[in-house]
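For reference, the structure is listed below as structure tokens.
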Amino acid sequence: MLAGISTRKYPLALEPVGEAVERQATSTSKLAVSRRFVTATAERLAELCARPVDETRWPIVMLDGVHLGEHLLAVALGVTDDGTKVPLGVVEGSTEHAAACGRLVADLVDRGLDAERGILFVIDGGKALSKAIRAAFGDQALIHRCRRHKERNVIGYLPEAERPLIERKLRAAWANPDADAAQRELEALARALDTKRPGAAASLREGLAHTLTVNRRGVAHPECALQRLRAHPVLARGDQPGRGHPRRQRGLGRIQDRPRKRTPGAPGSAGAVGPDRSPTLRR
């Protein structure tokens with residue numbers, strides 16, 4: 001699959017074994033390979049969705065909607081104290097509405113997800129996700145808006161020439177450990193955009209406070225503490241496994257927790273979501 005070969009074209013990847021062997025090979029038909037793959041993945045998915053989650057501390061849980069062809073999946077990704085990322089669950093839905101998101105969160109609760117010590121939920125801004133989280137965990141849940149999504153939404157209203165400046169201002173504000181000062185900077189930026197770019201200004205104001213949740217929890221350097229979650233595709237990338245053509249999925253190795261050289265001012269260097277180690281959140 002990762003080589004870009006579908007189950008019905010697998011013979012292209014086989015080595016020559018001779019006509020005698022090929023005549024006797026009856027268990028490698030296209031349908032047999034396809035059925036075996038479907039059966040194996042269904043079993044693994046069932047195991048994933050039934051696995052207890054109460055044996056591990058999950059200080060951060062990432063929730064997002066992932067499109068696979070005509071399907072939309074609500075996906076949960078847990079982050080341990082040492083920064084390890086683990087898929088926790090998935091629920092299929094037609095849209096990212098409260099019903100599908102509510103099922104996913106309720107399933108995590110049934111399997112033992114405990115927010116007594118607090119959980120930072122990182123979401124892309126969908127109101128349904130926030131509603132489901134609040135209904136299940138109340139004030140024990142901290143909601144943080146994915147800055148990468150917010151940045152994309154804002155600059156999507158801007159012409160190409162204006163985007164670099166606005167990106168720098170957004171990231172500089174989010175990097176400020178003083179949450180009140182950071183919010184004032186973002187509000188000032190929204191006012192500056194009001195006259196000529198009202199769409200960008202409205203997008204920035206929507207859910208603005210939730211982009212500063214980590215700053216308000218007392219994390220000294222939020223731009224560093226939120227650095228490496230962005231390497232996982234669920235929230236930050238558009239080439240998730242199974243999305244698009246397999247040949248284009250060359251960034252799968254970046255899911256691993258390995259250091260990467262950062263270029264000052266590079267996309268996501270100060271505003272994206274991801275810790276080197278999960279930050280200790282002060283409630």
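The values are calculated or read from the model by the stated rules, or taken from the named source; none is laboratory data. Model, not experiment: these values are computed from the prediction. Here the Cβ is made from the backbone with ideal geometry for all residues, glycine too, and neighbour counts use every protein chain on show.
When residue 177 is tested against (1) in a loop (DSSP other than H, G, I, E, B); (2) modelled with pLDDT of 90 or more; (3) in contact with a Pro (Cβ under 9 Å, 6 or more places away or on another chain); (4) not hydroxyl-bearing (Ser, Thr, Tyr), just one condition goes unmet, and that condition is (2).
Within the stretch 148-166, how many residues turn out to be assigned to a helix (DSSP H, G or I) and modelled with pLDDT of 90 or more? Summing the residues that are assigned to a helix (DSSP H, G or I) and modelled with pLDDT of 90 or more in the stretch 148-166 gives 13.
Selection of the stretch 32-88 for residues being surrounded by 20 or more Cβ atoms within 10 Å (Cβ to Cβ) and farther than 30 Å from residue 149 by Cα yields an empty set. One residue is enough: does the stretch 88-96 have a residue meeting the conditions part of a helix (DSSP H, G or I), in contact with a helix residue (DSSP H, G or I) (Cβ under 8 Å, 6 or more places away or on another chain) and within 18 Å of residue 53 (Cβ to Cβ)? Within the stretch 88-96 (the criterion being part of a helix (DSSP H, G or I), in contact with a helix residue (DSSP H, G or I) (Cβ under 8 Å, 6 or more places away or on another chain) and within 18 Å of residue 53 (Cβ to Cβ)), the answer is no, since none of the residues qualifies. The set of residues in the stretch 115-136 being charged (D, E, K, R) and at pLDDT 85 or above consists of 134 alone. Under the condition of being out of contact with any strand residue (DSSP E or B) (no Cβ under 7 Å at 6 or more places or on another chain) and either surrounded by 15 or more Cβ atoms within 10 Å (Cβ to Cβ) or more than 15 Å from residue 146 (Cβ to Cβ) (or both), the residues counted in the stretch 106-128 number 10. Taking into account only those residues within the stretch 31-63 that are in a helix (DSSP H, G or I) and of a type in the set (Lys, Arg), which is nearest to residue 141 (Cα to Cα)? Result: 44.
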